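Okay, structure first, notes after.
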Amino acid sequence: MSNPKPQVLVGVVTGSTVASVVKEAAAFAEHFGADLICANVDASSDKVEERPDGSVVSVPINPDLPFEETEVFDPELRAEIAGILDSRPVTWSVRALAGGPGQELARLAGELDVLMIVVGTRESGIRGEAERFLNGSVAVHLAHHQHRPVVMVPQHPVIDDADLPWKREK
């Protein structure tokens with residue numbers, strides 16, 4: 001079902017990069033007169049069911065963890081997003097998802113018929129490398145598996161001739 005008002009979808013993750021990605025996504029939403037949907041994907045779980053209220057029942061990928069849980073949007077992340085967006089003239093909401101980040105963002109984008117998907121680039125260092133190994137590039141997945149524009153917000157741009165993150169000594 002399509003929302004009559006345009007929407008922009010932004011993928012958000014807990015960490016130092018939330019503010020810049022959400023601010024850029026909000027600027028696009030304001031420019032297009034769109035609502036902003038902030039989605040956080042738990043990549044450590046697989047979705048079992050999506051309920052009518054938008055909540056997701058998931059199972060952890062690790063079989064030693066409890067069998068089933070309902071994904072709830074992280075209250076601290078929601079508060080951080082509220083601190084960024086509440087003073088801006090954009091209507092926004094949050095969605096908690098489970099599964100592969102690229103797949104889930106693409107699925108939600110199709111379901112909501114959004115104008116675009118906004119994501120941040122990964123953090124450099126061990127955490128970013130581990131995420132890339134486990135999930136691949138979310139932006140690359142989105143660029144090849146759905147038809148909407150994908151906007152990448154650079155988090156730590158390389159200035160001039162500095163080494164790119166993947167070429168630095170580990």
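Worth pointing out:
- Along the stretch 79-84 the Karplus relation, 6.51 cos²θ - 1.76 cosθ + 1.60 evaluated at θ = phi - 60°, assigns HN-Hα couplings of 5, 5, 5, 4, x, 7 Hz to successive residues, with x for each Gly and Pro.
- Built amide H within the under 5 Å cut-off of Val153, gap 5+: Val119, Gly120, Thr121
- Summarising the amide proton neighbourhood of Trp92: residues at separation of 5 or more, or on other chains, whose placed amide H is nearer than 5 Å comprise Leu36.
- Residue-by-residue Karplus 3J(HN,Hα) for the stretch 138-155, coefficients 6.51, -1.76, 1.60, Hz, glycine and proline x: 4, 4, 5, 4, 5, 5, 9, 10, 6, 9, 7, x, 10, 9, 9, 9, x, 9
Every read-out reported here was derived from the displayed coordinates using simple, explicitly stated rules and does not represent laboratory data. Bear in mind the structure is a predicted one, so any value in this text is a computation, not a measurement.
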